[in-house]
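Comments concern the structure below.
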Amino acid sequence: MIRVVVDSIRVSLLTQHRVVVLRETDSTRYLPIWIGPFEAEAIAMAIQGHEPQRPMTHDLLKSVIGDLGGRIQHIFVSDIQDSTFFARIVIEQQGRTIEVDARPSDAVALAVRIEAPIYVKAHVLDQAGVHFDDDEQVAPQEPTAPSAETDSEPETSDESLSIFRDFINTLDLDNSGKGGEKS
């Protein structure tokens, strides 16, 4: 398995679809996964350190696992089939290891809340990862999600978006009902 971190959450200005972008820790290879708006918001809130007034679903799951004596060891994106990603949450409880099937967005939202490591199986990165050359650079950006508090878009340069534009141009949008995560 290959260690990754959440690089960013991107929002298409045309369609408002969200993509969580995972980056291999020691490489310029990225894994973009289309996710829903609520999951994108949940990931962004946790990364930015925002605490909701009431527990969100991922906060509830974190509490339940902890209250039952479990500890999340890590999560991993385990497979991709027909452009659908699959993930697993690995929990240790009373000396045994439990793997729970999950959507990648839910697994990532949980992982960022407890700072658990995130991994991707090598074959998934080989199949769906996007590798950028050393001369192409991604401007580091803190993951953001739409907020009612801000009316303006953060400034980004055309150059910093070119690698993602190249990736988006390779997508088969005629089959936009397919792909992303399995619900």
Looking only at residues in segment 99-119 that are of a type outside the set (D, E, K, R) and not in a helix (DSSP H, G or I), which one is farthest from the chain's Cα centre (by Cα)?
-> Val100
Here is a list of conditions, (1) of a type in the set (D, E, K, R); (2) part of a loop (DSSP other than H, G, I, E, B); (3) touching a strand residue (DSSP E or B) at 6+ places or on another chain (Cβ under 9 Å), and Arg54 meets all of them except one; can you say which number that is?
-> (3)
So Val21 fits all but one of (1) assigned to a helix (DSSP H, G or I); (2) under 13 Å from the mean Cα position of the chain (by Cα); (3) hydrophobic (A, V, I, L, M, F, W, C); what number is the exception?
-> (1)
Counted residues in segment 57-80 being touching a residue at least 40 places away in the same chain (Cβ under 8 Å), in a strand (DSSP E or B) and not charged (D, E, K, R) come to 8
Segment 22-36, residues that are touching a residue at least 24 places away in the same chain (Cβ under 8 Å) and of a type outside the set (Lys, Arg) = Leu22, Glu24, Ser27, Thr28, Tyr30, Leu31, Pro32, Ile33, Trp34, Ile35, Gly36
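Read-outs throughout are calculated quantities, based only on the coordinates presented, and are distinct from any laboratory measurement. It should be emphasised that the depicted structure is a prediction, and the values quoted were computed from it without experimental measurement. Don't worry about glycine lacking a Cβ; one is built from the backbone with ideal geometry, like all the others, and counts go over all protein chains shown.
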